[in-house]
1. Structure shown: which of A:LYS125/B:LYS196; B:LYS71/B:LYS366; B:LYS196/B:LYS444; B:LYS19/B:LYS167; B:LYS10/B:LYS164 lie over 20 Å apart, alpha-carbon to alpha-carbon?
2. Inside 10 Å of the C-beta atoms of B:42-52, what's the mean count of C-beta atoms belonging to other chains?
3. Take A:GLU141 and A:TYR158, extend 7 Å from each Cα along the Cα→Cβ direction, and tell me the distance between the two endpoints in nm.
4. With springs connecting C-alpha atoms under 10 Å apart, model chain A as a Gaussian network and identify which of A:THR133, A:THR173, A:THR181 has the largest mean-square fluctuation.
5. Taking each residue in A:7-18, count the Cβ atoms of any other chain within 10 Å of its Cβ, then average. What number comes out?
6. Rounded to the nearest 5, what is the percent of antiparallel bridges among the DSSP beta bridges in the range B:339-471?
7. Taking a probe of 1.4 Å, how large is the accessible area per residue of the protein assembly as shown, in Å²?
8. Once amide H atoms are built 1.01 Å from N in the peptide plane, which residues 5 or more positions from B:ARG429, or in another chain, come under 5 Å H to H?
Amino acid sequence: MEPFSTHTGIGVPLRRSNVDTDQIIPAVYLKRVTRTGFDDGLFAAWRQHEDFILNTEPFSRGSVLVAGPDFGTGSSREHAVWALMDYGFRVVISSRFGDIFRGNSAKGGLVAAQCEQPDVELLWKLLETEPGTEVTVDLRERTVQAKDLTVAFQIDDYTRWRLLEGLDDIGLTLRHEPDITAYEQVRPGWLPVTTPAH
Amino acid sequence: MTEARTLAEKVWDRHVVRKGEGQEPDLLYIDLHLVHEVTSPQAFDGLRLAGRRVRRPDLTIATEDHNVPTKDVELPIADPVSRTQVETLRRNCAEFGVDLYPMNHAEQGIVHIIGPQLGLTQPGMTVVCGDSHTSTHGAFGAMAFGIGTSEVEHVLATQTLPLKPFKTMAINVNSADGTLRPGVTSKDVVLAIIAKIGTGGGQGYVLEYRGNVIDNLSMEARMTICNMSIEAGARAGMIAPDQVTYDFIAGRDHAPKGEAWDAALADWQTLRTDEGALFDAEVDIDADTLTPFVTWGTNPGQGLPLGENVPDPATIPDENERIAAERALDYMGLEAGMPLRDVRVDTVFVGSCTNGRIEDLRAAAKVLDGRSLAKGVRMLVVPGSMRVRFQAEDEGLDKVFTAAGAEWRSAGCSMCLGMNPDQLAPGERSASTSNRNFEGRQGKGGRTHLVSPVVAAATAVRGTLSSPEDLD
């Protein structure tokens with residue numbers, strides 16, 4: 001994973017709440033077995049409408065999505081993160097994220113920056129009145145800055161550290177392999193195994 | 001004396017391989033990993049690239065459910081992309097030594113139906129799957145939650161997950177005598193809970209459902225409730241195991257036997273929230289006031305009792321919710337103020353990991369028995385697993401459905417998410433026993449009303465959203 005420290009790009013105001021992962025990428029796009037090439041599925045239904053924000057300039061070139069509350073709820077599909085990143089997004093800002101989506105973002109290197117809703121509203125106003133405004137997201141300082149506006153965002157320390165370092169979770173866990181083996185030796189014997197029972 | 005703990009905390013604590021230091025998450029052991037074709041191919045690819053193996057194939061089980069057709073199942077899958085995904089799963093399972101229940105196998109079915117029916121889901125376990133409805137297994141007092149594909153790879157490689165403890169929320173569901181009113185089911189209970197706490201209300205929490213109504217529910221009904229915990233934003237939902245749980249598990253293929261059963265049972269009996277243990281939040285549901293519930297909008301929190309009218313967005317004070325409601329009514333093609341009972345549907349779907357178990361099919365069949373579908377309504381009945389299908393056929397339920405004019409299908413996720421050919425056409429409207437009414441969920445432009453199996457069946461007969469009492 002590429003380390004992330006700061007990112008600057010065009011902010012896209014998405015005034016919708018409860019943007020579930022079925023909206024981010026409909027199920028029909030999940031049939032692929034690859035990890036890339038999901039950009040065509042991003043907001044596929046909404047992008048069919050000419051006036052959808054990603055169909056308008058300069059927002060089609062955006063890389064910082066500013067969304068309403070409860071972004072990424074619903075299905076666990078990590079394809080939602082892949083689709084956002086394949087399209088070019090590096091940061092999503094919302095006042096509340098679906099838990100699984102937030103976890104998936106961290107794995108893929110997408111920053112899920114949690115801002116207070118009033119701050120989201122300020123960003124929306126700014127991005128709507130001055131389309132094309134660049135937004136700078138500083139992970140080290142945990143700030144979002146656009147023109148004269150600077151607001152704070154929340155992200156937990158561990159996720160921030162992993163993103164800053166670009167670390168792979170499996171590699172980190174395997175450093176504790178002896179602990180896993182020790183745990184396995186004391187698991188109760190009656191716990192089930194999946195090998196066919198007959 | 002040790003500190004009083006909740007059920008969730010007890011299950012968590014017994015799985016900590018390594019306690020995180022400072023901001024570090026705990027490393028949690030995973031007892032059961034369920035795998036299906038949609039969220040696993042990239043994970044197996046990751047293992048291959050890194051030269052890693054599956055650490056515990058004996059704690060991993062795979063099936064084909066999301067993509068599989070539910071008719072003409074003996075033919076090759078017609079959609080080449082779906083077929084590739086299913087074939088990829090077969091290759092990966094063979095290469096990595098994971099047992100797989102493929103299409104046409106007697107044990108095939110939706111992951112969340114087959115885990116419990118094989119006896120693999122047991123109290124106190126940690127259960128994960130690359131599917132958000134893994135919360136279903138919490139009905140057994142397991143800590144069960146959905147994960148993304150990177151985490152699937154992580155569990156395959158290490159049989160663990162780094163996780164921060166969840167907060168705990170008690171959902172107390174009580175009525176005067178512990179029962180639900182006639183025609184009210186566990187689906188109505190969970191839809192009412194979601195409408196009350198909202199789609200984000202459970203975020204960061206594991207919910208524990210408690211109270212006399214929960215105590216009196218069957219395992220099937222408990223699974224329906226835990227299944228939809230994710231629709232309230234929660235990672236997991238749990239119910240403390242009791243005699244109902246033990247009776248369900250006893251004798252199943254993977255259930256402990258003999259002395260192992262005694263040891264397991266002694267352990268399971270400790271899996272209750274201690275007297276005096278504190279939850280981070282509590283919510284009370286008065287089940288005496290509950291009536292059949294339906295959704296009117298495009299998220300599962302947008303639900304109301306069937307007897308009410310489509311809400312008027314203008315009366316919603318919160319601006320974001322008002323805009324969401326306006327958008328939802330526009331998408332759903334509904335007018336504010338119209339009685340929900342007047343909403344006409346084209347399609348009725350009975351099935352899914354929420355309501356695709358034998359008890360659900362029995363309930364729907366009982367309503368349909370001796371009746372027939374309203375003109376212009378098509379109804380799909382899709383058992384959640386092949387075993388459910390066989391059992392239903394043994395009981396003659398398939399005959400009841402087909403006599404009424406419904407289609408009797410083979411097992412899979414089907415129209416719940418429309419990854420296979422079972423989809424709504426643009427503008428079509430369904431009453432569906434599934435779990436999500438998102439825009440386009442059941443097919444592009446499709447409109448979904450979430451309902452219980454008995455409301456689904458009554459709706460199929462009348463052609464408009466109905467409960468069984470409307471049929472008399």
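1. Checking Cα-Cα distances, A:LYS125/B:LYS196; B:LYS71/B:LYS366; B:LYS196/B:LYS444 exceed 20 Å.
2. Numbers: counts 8, 2, 1, 3, 3, 1, 0, 0, 4, 0, 2.
Across B:42-52, the average partner-chain Cβ count within 10 Å equals 2.
3. Taking the simple label geometry, A:GLU141 and A:TYR158 are separated by 2.8 nm.
4. Top of the fluctuation ranking is A:THR181.
5. That works out to 3 on average.
6. Around 5 percent antiparallel, to the nearest 5.
7. It amounts to 35 Å² per residue over the protein assembly as shown.
8. B:ASP346, B:THR347, B:ARG447
The values are calculated or read from the model by the stated rules, or taken from the named source; none is laboratory data. As the structure is a prediction and not an experimental result, all values here were calculated from the model. Methodologically, a virtual Cβ is constructed for each residue, glycine included, from the backbone with ideal geometry; neighbour enumeration extends over all protein chains shown. Please note that ligands, DNA and RNA were not included when accessible areas were found on the heavy atoms of the full protein model with its side chains. Shrake-Rupley method; radii C 1.70, N 1.55, O 1.52, S 1.80 Å.
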